[in-house]
Amino acid sequence: MADTTYSGDTAPNEPRRTSVTKRGGGDPASRGRTTIADGVVEKIAGLAARDVVGVHAMGSGISRTLGAVRDRVPGGGGGKANATRGVKAEVGEVQTALDLEIVVDYGVSIADVAGDVRENVINAVERMTGLEVVEVNIAVSDVKLPDEEDEEPESRLQ
(Lines give C-alpha, C1' and ligand atoms only; values in the text may rest on other atoms or scores of the structure.)
Protein backbone atom coordinates (compact mmCIF):
# COMPACT_ATOMS: atom_id res chain seq x y z
CA MET A 1 0.00 0.00 0.00
CA ALA A 2 1.54 3.26 -1.10
CA ASP A 3 -0.44 5.50 1.24
CA THR A 4 0.20 3.69 4.52
CA THR A 5 3.23 3.59 6.77
CA TYR A 6 3.99 1.94 10.06
CA SER A 7 5.62 3.63 13.00
CA GLY A 8 7.40 2.08 15.93
CA ASP A 9 4.47 2.53 18.30
CA THR A 10 1.91 1.08 15.85
CA ALA A 11 1.54 -2.62 15.31
CA PRO A 12 2.19 -3.86 11.76
CA ASN A 13 -1.47 -4.90 11.39
CA GLU A 14 -2.72 -1.35 12.15
CA PRO A 15 -2.02 0.92 9.17
CA ARG A 16 -1.57 4.64 9.76
CA ARG A 17 -2.48 6.97 6.91
CA THR A 18 -0.02 9.56 5.72
CA SER A 19 -0.96 12.89 4.24
CA VAL A 20 -1.45 12.93 0.50
CA THR A 21 -0.38 16.06 -1.35
CA LYS A 22 -2.73 17.15 -4.12
CA ARG A 23 -1.42 18.37 -7.45
CA GLY A 24 -1.15 22.08 -8.00
CA GLY A 25 -0.88 22.78 -4.29
CA GLY A 26 -2.53 25.64 -2.48
CA ASP A 27 -6.04 26.87 -2.25
CA PRO A 28 -7.99 26.76 -5.56
CA ALA A 29 -9.12 30.35 -4.93
CA SER A 30 -5.51 31.50 -5.18
CA ARG A 31 -5.01 29.97 -8.64
CA GLY A 32 -6.09 32.84 -10.79
CA ARG A 33 -7.67 36.24 -10.76
CA THR A 34 -11.31 37.34 -10.81
CA THR A 35 -12.27 40.75 -12.11
CA ILE A 36 -15.71 42.24 -11.69
CA ALA A 37 -16.91 44.89 -14.12
CA ASP A 38 -18.35 48.18 -12.89
CA GLY A 39 -21.65 47.32 -14.60
CA VAL A 40 -22.03 44.13 -12.57
CA VAL A 41 -21.70 46.02 -9.29
CA GLU A 42 -24.05 48.72 -10.60
CA LYS A 43 -26.75 46.17 -11.40
CA ILE A 44 -26.47 44.50 -8.00
CA ALA A 45 -26.59 47.87 -6.21
CA GLY A 46 -29.49 49.13 -8.33
CA LEU A 47 -31.62 46.09 -7.68
CA ALA A 48 -30.79 46.12 -3.96
CA ALA A 49 -31.70 49.81 -3.69
CA ARG A 50 -35.03 49.29 -5.47
CA ASP A 51 -35.95 46.59 -2.94
CA VAL A 52 -36.11 49.15 -0.12
CA VAL A 53 -39.56 50.40 0.85
CA GLY A 54 -39.80 54.13 0.21
CA VAL A 55 -37.63 54.16 -2.91
CA HIS A 56 -39.92 55.18 -5.74
CA ALA A 57 -37.36 55.25 -8.54
CA MET A 58 -33.68 55.53 -9.32
CA GLY A 59 -31.98 58.36 -11.21
CA SER A 60 -32.87 61.95 -12.00
CA GLY A 61 -36.03 62.97 -13.80
CA ILE A 62 -34.22 63.30 -17.12
CA SER A 63 -32.58 59.89 -16.90
CA ARG A 64 -35.90 58.28 -15.94
CA THR A 65 -37.65 59.94 -18.90
CA LEU A 66 -34.94 58.89 -21.34
CA GLY A 67 -34.98 55.39 -19.85
CA ALA A 68 -38.74 55.15 -20.30
CA VAL A 69 -38.37 56.08 -23.96
CA ARG A 70 -35.52 53.58 -24.38
CA ASP A 71 -37.64 50.85 -22.73
CA ARG A 72 -40.32 51.31 -25.39
CA VAL A 73 -37.94 51.07 -28.36
CA PRO A 74 -37.37 47.48 -29.51
CA GLY A 75 -33.72 46.59 -28.97
CA GLY A 76 -33.17 49.78 -27.00
CA GLY A 77 -31.36 47.99 -24.21
CA GLY A 78 -33.93 49.03 -21.63
CA GLY A 79 -33.26 46.10 -19.29
CA LYS A 80 -29.64 46.96 -18.54
CA ALA A 81 -30.28 50.69 -18.48
CA ASN A 82 -33.18 50.24 -16.08
CA ALA A 83 -31.17 48.08 -13.69
CA THR A 84 -28.24 50.52 -13.54
CA ARG A 85 -30.15 53.81 -13.79
CA GLY A 86 -29.10 56.13 -10.98
CA VAL A 87 -26.06 54.03 -9.99
CA LYS A 88 -22.37 54.69 -10.59
CA ALA A 89 -19.71 52.31 -9.31
CA GLU A 90 -15.94 52.52 -9.13
CA VAL A 91 -14.51 49.04 -8.75
CA GLY A 92 -10.95 48.28 -7.68
CA GLU A 93 -9.25 44.96 -7.05
CA VAL A 94 -10.69 44.45 -3.56
CA GLN A 95 -12.88 47.51 -2.90
CA THR A 96 -15.73 49.42 -4.50
CA ALA A 97 -17.41 52.80 -4.00
CA LEU A 98 -20.94 53.61 -5.10
CA ASP A 99 -22.96 56.72 -5.89
CA LEU A 100 -26.74 56.36 -6.02
CA GLU A 101 -29.43 58.82 -7.05
CA ILE A 102 -32.89 57.99 -5.73
CA VAL A 103 -36.43 59.33 -5.72
CA VAL A 104 -38.32 58.71 -2.49
CA ASP A 105 -42.02 58.42 -1.85
CA TYR A 106 -43.64 61.38 -0.09
CA GLY A 107 -44.14 60.87 3.64
CA VAL A 108 -41.24 58.54 4.32
CA SER A 109 -38.27 59.46 6.45
CA ILE A 110 -35.52 60.26 3.94
CA ALA A 111 -32.83 59.55 6.53
CA ASP A 112 -34.33 56.12 7.29
CA VAL A 113 -34.74 55.24 3.61
CA ALA A 114 -31.16 56.32 2.85
CA GLY A 115 -29.88 54.23 5.76
CA ASP A 116 -31.88 51.20 4.63
CA VAL A 117 -30.67 51.63 1.03
CA ARG A 118 -27.07 51.92 2.19
CA GLU A 119 -27.35 48.80 4.36
CA ASN A 120 -29.13 46.73 1.68
CA VAL A 121 -26.69 47.75 -1.06
CA ILE A 122 -23.61 47.05 1.07
CA ASN A 123 -24.91 43.63 2.10
CA ALA A 124 -25.85 42.62 -1.45
CA VAL A 125 -22.64 43.83 -3.12
CA GLU A 126 -20.30 42.38 -0.48
CA ARG A 127 -22.15 39.04 -0.39
CA MET A 128 -22.31 38.60 -4.15
CA THR A 129 -18.91 39.99 -5.17
CA GLY A 130 -16.65 39.62 -2.14
CA LEU A 131 -15.58 43.25 -2.63
CA GLU A 132 -15.40 45.58 0.35
CA VAL A 133 -17.82 48.48 -0.07
CA VAL A 134 -15.95 51.51 1.25
CA GLU A 135 -18.72 54.05 0.69
CA VAL A 136 -22.25 54.44 -0.60
CA ASN A 137 -23.14 58.06 -1.38
CA ILE A 138 -26.85 58.69 -1.80
CA ALA A 139 -28.36 61.74 -3.49
CA VAL A 140 -32.10 62.19 -3.16
CA SER A 141 -33.08 63.97 -6.36
CA ASP A 142 -36.85 64.10 -5.98
CA VAL A 143 -39.88 63.23 -3.87
CA LYS A 144 -42.78 61.40 -5.52
CA LEU A 145 -46.03 63.05 -4.45
CA PRO A 146 -49.13 60.85 -4.20
CA ASP A 147 -51.07 62.79 -6.85
CA GLU A 148 -48.13 63.11 -9.27
CA GLU A 149 -48.05 61.02 -12.39
CA ASP A 150 -44.91 59.16 -13.29
CA GLU A 151 -42.70 60.99 -15.75
CA GLU A 152 -43.08 58.46 -18.52
CA PRO A 153 -44.04 59.78 -21.93
CA GLU A 154 -47.32 58.66 -23.36
CA SER A 155 -47.14 55.85 -25.86
CA ARG A 156 -48.21 56.67 -29.38
CA LEU A 157 -49.33 53.06 -29.78
CA GLN A 158 -52.73 51.86 -28.71
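A single entry from GLY78, GLY59 fulfils the requirement of being more than 20 Å from ASP142 (Cβ to Cβ), modelled with pLDDT under 95 and buried (at least 16 other Cβ atoms within 10 Å of the Cβ): GLY78.
Take ASP116 and tell me if it is farther than 23 Å from VAL40 by Cα and either touching a residue at least 24 places away in the same chain (Cβ under 8 Å) or not in a helix (DSSP H, G or I) (or both). It is false that ASP116 is farther than 23 Å from VAL40 by Cα and either touching a residue at least 24 places away in the same chain (Cβ under 8 Å) or not in a helix (DSSP H, G or I) (or both). Residues of the range 37-61 that are of a type in the set (Asp, Glu) and within 8 Å of the chain's Cα centre (by Cα): GLU42 alone.
Can you name every residue in the range 111-146 that is more than 20 Å from the chain's Cα centre (by Cα) and loosely packed, with under 14 Cβ neighbours inside 10 Å? Hits for the range 111-146 are ALA111, ASP112, LEU145, PRO146. VAL134 meets the conditions (1) in a helix (DSSP H, G or I); (2) over 19 Å from VAL52 (Cβ atoms); (3) modelled with pLDDT of 95 or more in every case but one. The failed one is (1).
Considering the range 81-96 alone, what residues qualify as being touching a residue at least 40 places away in the same chain (Cβ under 8 Å) and surrounded by 15 or more Cβ atoms within 10 Å (Cβ to Cβ)? Matches in the range 81-96: ALA83, THR84, GLY86, VAL87, LYS88, ALA89, VAL91, THR96.
The values are calculated or read from the model by the stated rules, or taken from the named source; none is laboratory data. All figures in this text were calculated on a predicted structure; none of them were measured in a lab. A quick note on method: Cβ atoms are made from the backbone with ideal geometry, for glycine too, and the neighbour counts reach across all protein chains shown.
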